[in-house]
Amino acid sequence: MTLIAPGSGSPVGDPFDGPTAHAEERGTSLWRGAFARLRRDPFAILGAVIVLTFVIVALAAPLLAPYEPARAQWGNQVTPGSVPGPSAEHLLGLDAFGSDLLTQLIYGARQSLLIGVVSTLIGLSVGATIGLLAGGIGGWIDVLLMRFVDILLSIPSLLLAVSIAAALGRTSTSVMIAIGVAQVPIFARLLRGSLLAQREADYVLAATSLGLRRRRVVMNHMLPNSLGPVIVQATLVLATAIIEVAALSYLGLGEPNPTVAEWGRMLVKSQDRLETSPQLALLPGTLIAVTALGFTLLGEALREALDPKFRR
Amino acid sequence: MLRFVVRRLALTVPVLVGLSILLFLWVRALPGDPARALLGQRATAESVENVTRLYGFDRPLHEQYFTYIGALLQGNFGSSTQTGQPVVELFKNGFPATAELAFCALLFAAVLGIPLGYFAARRHGTPLDNLTVGASLMGVVIPVFFLAYLLKLVFAIGIGPLDFLGVFPTAGRQDARIAATHPTGFYVLDGILTREWDAAWNALKHLVLPAVALGTIPLAIIVRITRAAVLDVTGEDYVRTAEAKGLLQGTISRRHVLRNALLPVVTTVGLQAGLLLSGAVLTETVFARNGLGSTLFNAITLLDYPVLQGFILAIALMYALINLTVDVLYGVIDPRVRVS
Amino acid sequence: MRRTSRSVRAAALLGAVAVALAGCADSDRDNGAGAGGGGGEQSGGTFVFAASSDPVALDPAFASDGETFRVARQIFEGLVGTEPGTADPAPLLAEEWETSDDGLETTFTLREDVQFHDGEPFNAEAVCFNFDRWHNWTGLLQSENITYYYGKIFRGYADTGTGIYESCEAEDEFTATITLNAPFAGFIQAMSLPAFSMQSPAALEEHDADNVQGTEDDVRFSAYATEHPTGTGPFVFESWERGQQVTLARFDDYWGEVAQIDRAIVRTISDGNARRQALQNGEIDGYDLVAPGDLQSLEDAGFQIENRAPFNILYLAMNQAVPELADIRVRQAIAHAIDKDAVISQSLPEGSEVATQFMPDTVAGHTDDVTTYEFDQDRARELLAEAGAENLTLQFNYPTGVSRPYMPTPEETFVAIRSQLEAVGITITPVADQWSPNYLDRVTGSEDHGIHLLGWTGDYNDSDNFVGVFFGKQTDEWGFDNPELFSALEEARGIATREDQTPAYEEINKMIADFVPGVPIAHPVPSLAFAPEVSGYQASPVQDEVWNTVTVSE
């Protein structure tokens, strides 16, 4: 789902129709300047803190969680109308199926990180390849590839994800692939746009006139200059992925184990208990929102930091 | 100008053709028999045989494709496996409700978002700027079905001490007990046209919460784009000159900045159609509104492949038309785009 | 501050609009538009009921889904009805009936004061018109997905030569005799099904009811089914906004108790939570299939809960095509591993009964004399060891995106049973599928499944309608071949009277319990919820619920 980035070359907020060209002249000061600005931006710090906490919790889940996830070990304490709340053995109480809620939430971070990273990587690698080929080679390959991207874009992302998940079957991998494929057009357009913008730059003309092969120019010079926007986009896409998984769970897609520790799944399952045991839905829902917010803030702050147009 | 339009059209057609090929292959790529997929739970050994013959699933692929395209061009997008209703009819029936909702959502987003974006831009660099942008992001980072549910809880049913806030309805497009006539299918409009003011007002009330829930998605984008556009323009020399010359801040804002900032907002409306539809699938279901979104939701949960196929194609067509219109409008306004 | 920034003005405007909207919050309980029609005894008003899905078509002869039947029950009636609150047959359009000794001829004496909604009289001729209409269906209309009930009960049509229906004679204006060519003890009960409602011959002809167009994949029902369903019931069809609601109006010339309400509206709300919230907010007056978790909170909030006597069965089936499951010791072990009380407390409505056999206790043939498998984990492990299946791994299939009266929360039931099976050392591989078509296809139409959850709500009070449906012949669902059981069921189905059938079915139930093809788990209690202003709703275990007794007070 294209949340924030228009990705269509809208003339406003387009991060790559100017700065990167200047950047080359000043070497790495773009990055140094960016980090300096980021340090001063409280929301960038907030985003970074959230992201860091999320990643640490996700990676250290087995160490942090008091119990095993997704096993519904205390299922006999749960009834359709009530769920035990916080107690000495269970700091946050149980979840709707009878697993320890705190454990589920911690492992949920891990699952979200996994899904987010995998789907972003899929979108990034496939999209970037398409974009590079289109932008680097040009000609009819460009036309063909970009029409394919247009086709993907003409299907609303949710439907695209649903179609792919339907074709691949009900596993959590198919969900990751589905979300990843929906992100391909964004990265494709990004890379292609970046390449096209730089094609006219002086340094490229200089390099090619010096006799450097086009591929070397692309790989060794133009690509690193596109890194900034790609990182920005990747963080935004990760935020999207975390939310999209919840939406797909609402539609009934996702892995076959209902007790799985995954925030989106937990949220959907507990919505009807919102009035009796609100924590079951509010906790995963808040975590989804906060995590997505963290990534988005970080991404947006990075975008602004890298774009000298916003310097004042 | 004409060349521009023709060129844009020429780019759209291959996309639609490509999409039809993809959808054609998709049904055949699904696990199981494509005939069963098209029949759903109405499949019996005999009906599967009939459908296989009818659709020619046993004939070579390219032959099948031409039959499929032939049917499409005749307006036959297939029929629902659940009700047997033609997909075209389902689309026609669901369109008004979703169009109403999308319009109100965008209205909400624009009415709230443009001032907010302007406000944030004028206070760029201060915490207020960040706070505004952060707040507008809330709608995007909270999954829309959850937000819809929370809105219902607080503003329709009412919780505990905040019970007085529960004034809106939770479900449907209009109260079931109101016997209203619907000549156009757009309930608010219908109420106005037939002078049934009760009905129109009632339909409007049913739109508020869903529009707010759905509107939080474009809200974030509009805030951001307005803010960026305003920052862009206020950084321009001509504005600084005007300021230096002592023109009132208000005059500058009204005449130059806002007008230039509105442009990108309008152009992104077309892009947001896809987002709005995805959001509508979830919002319409939570609010029990009978539109394209809830039809799609049922099609997804019941795996009604003809509906999914047909709707995706119809939506892509609609989307292409919207984008084309927006691009043409933009081309009319900004000559630079026409040349590129 | 001289300038009022645009944003402040906009905010003020929004605030004003919000206040205006709040202030204009008119009551959601608008009174129905129509004033009391005949006489002044009718209390009037509109009854709004929420359905989980839109009807498919309004001709009940072509339907097999509960929501279509719910609407059809208001518009149509059959020869036979049910005793209120039970599944037992009672007179309806037929005042009495008599079956010949050989069980082949049944003579119905009809009511004489009944009119169809279009003014046509109801008589023996109309009865025979309906029976012959069904019998003479050809082609597309014979397919199972369109005329499921006729095919199942009568087993054939005029041109197939396999049906049990022979003929219908209108002896005089209000006496009709139906002749079968094979005895069928459940015939009277079957006639209470909505699929066998009496429809107006004039209307059927005028609107070309059997003109079902298109092909298997593209069935287009005629205008009769979508615009002119004409029956004898207490409500007349008024309008159908597809996907949204069906509106019915009171039939003032109804032969029985004329409806109290002016109008009944069946509104489609597919999301379960949205239905509950619509009730809580006063937008609807009632809905069906209350989620087990909502029962207490709705009652506490002052809503009325109406329980139906359970007429269903929830079971765990075991596919004997899987080699390990073909060993009876493994099946017995699984039976011993399941704690049915725990399954009920964790996933089913309070008050649901534990099941010991594949039919509820109101059905003939139910006996307490069957082998039961007590919850005994040690015994389970023993049996598994005996069978050499200590490290058994099983595929466990369950459906998603569905809530049935017999299986309100499939996921919770799945989790409860899975934990119990894992506790005795069985490893479970979960396999989830969307209810329709994938899950049903997989568990009833293929061999590719292990143990799965399914169930059944009885259509009418007939033993064959339960165990005959499940175990009457070899199927992909159960994967076994047990000729003794099949022939016992075949024989029992053909026994002419209820009294003679009972011992036969008792034996069958004992046989099934010993064979353990699956584990009958519970008879869940399906419930309805109503607003406090509603009274007079008569719940029925087979959902024969007509709303002419319902009142909605202010």
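Any read-out appearing in this document is the output of simple, stated calculations on the displayed coordinates, not a laboratory observation. Computed from a prediction, not measured in an experiment: that's the story for all the values here. A quick note on method: Cβ atoms are made from the backbone with ideal geometry, for glycine too, and the neighbour counts reach across all protein chains shown.
Which GluC sites (Glu not before Pro) does region C:361-429 hold that lie in a coil by DSSP with at most 14 other beta carbons within 10 Å? Spell out each step's value before the answer.
On the way: sites: C:Glu374, C:Glu382, C:Glu386, C:Glu390, C:Glu411, C:Glu412, C:Glu422; in loops: C:Glu374, C:Glu390.
Passing both the DSSP loop test and the Cβ count: C:Glu374, C:Glu390.
Take B:Thr268, A:Thr235, B:Thr325 and order them by how many other Cβ atoms sit within 10 Å, fewest up front.
Arranged by neighbour count, lowest to highest, B:Thr268, A:Thr235, B:Thr325 become B:Thr325, B:Thr268, A:Thr235.
Kyte-Doolittle mean at least 1.0 and Cα extent at least 18 Å along the axis: which DSSP H helices of chain C qualify?
Qualifying helices, which must be both long enough and hydrophobic enough, are C:6-23.
Greater than 26 Å separation of Cα atoms is the criterion. Which listed pairs, C:Lys340/C:Lys473; B:Lys152/C:Lys340; C:Lys152/C:Lys340; C:Lys473/C:Lys510, meet it?
Check vs 26 Å cut-off fails for C:Lys340/C:Lys473; B:Lys152/C:Lys340; C:Lys152/C:Lys340.
Please give the FRET efficiency for A:Leu282 paired with A:Leu52, using the beta carbon to beta carbon distance and R0 = 22 Å, rounded to the nearest 0.05.
0.40
Can you compute the modelled spin-label distance between C:Thr160 and B:Arg7, with each label point 7 Å from Cα toward Cβ, in nm?
It is 6.5 nm.
Rounded, prolate or oblate: which one fits chain C, using the alpha carbon gyration tensor with axes a ≥ b ≥ c (rounded when a/c is under 1.5, else prolate when a/b beats b/c, else oblate)?
It comes out oblate by the Cα gyration axes.
What shape does region C:339-419 have by the C-alpha gyration tensor, where a ≥ b ≥ c are the square roots of the eigenvalues, rounded means a/c under 1.5, and otherwise prolate means a/b greater than b/c and oblate the rest?
oblate
Provide C:Asp262, C:Asp514 in ascending order of the number of other Cβ atoms located within 10 Å of each residue's Cβ, fewest first.
So the residues, fewest neighbours to most, are C:Asp514, C:Asp262.
Subtracting the Cα-Cα distance from 0.36 nm times the residue separation, let me have the gained length for C:Glu112 to C:Thr86 in nm, one decimal.
So the extension gain works out to 6.8 nm.
Assuming R0 = 51 Å, can you tell me the calculated FRET efficiency for the pair B:Arg123 and A:Leu205, based on Cβ-Cβ distance, to the nearest 0.05?
Calculated value: 0.75.
How far apart, in nm, are the 7 Å Cα→Cβ label points at C:Glu490 and C:Thr393?
4.0
Quick one: C:Thr457, B:Thr194, fewest Cβ neighbours within 10 Å first, how do they rank?
B:Thr194, C:Thr457
What nm value, rounded to one decimal, do you get for the distance between C:Glu353 and C:Asp378 when each label is placed 7 Å out toward the C-beta?
Roughly 3.2 nm, to one decimal.
Within 10 Å of each Cβ of C:423-434, how many other protein chain Cβ atoms are there on average? Let's see the in-between values first.
Details: counts 0, 0, 0, 0, 0, 1, 2, 7, 3, 9, 5, 9.
Per residue, the number of nearby Cβ atoms from other chains is 3 on average.
Be a star and scan region B:150-179 for residues whose amide nitrogen sits under 15 Å from the point 7 Å along the Cα-to-Cβ vector of C:Glu238.
From region B:150-179, the list is B:175-179.
Between C:Glu386 and C:Thr362, what FRET efficiency follows from the Cβ-Cβ distance if R0 is 35 Å, with the result rounded to 0.05?
0.40
What is the mean number of Cβ atoms from other protein chains located within 10 Å of the Cβ atom of each residue in peptide B:78-86, rounded to a whole number?
Other-chain Cβ atoms within 10 Å of each residue's Cβ, averaged: 6.
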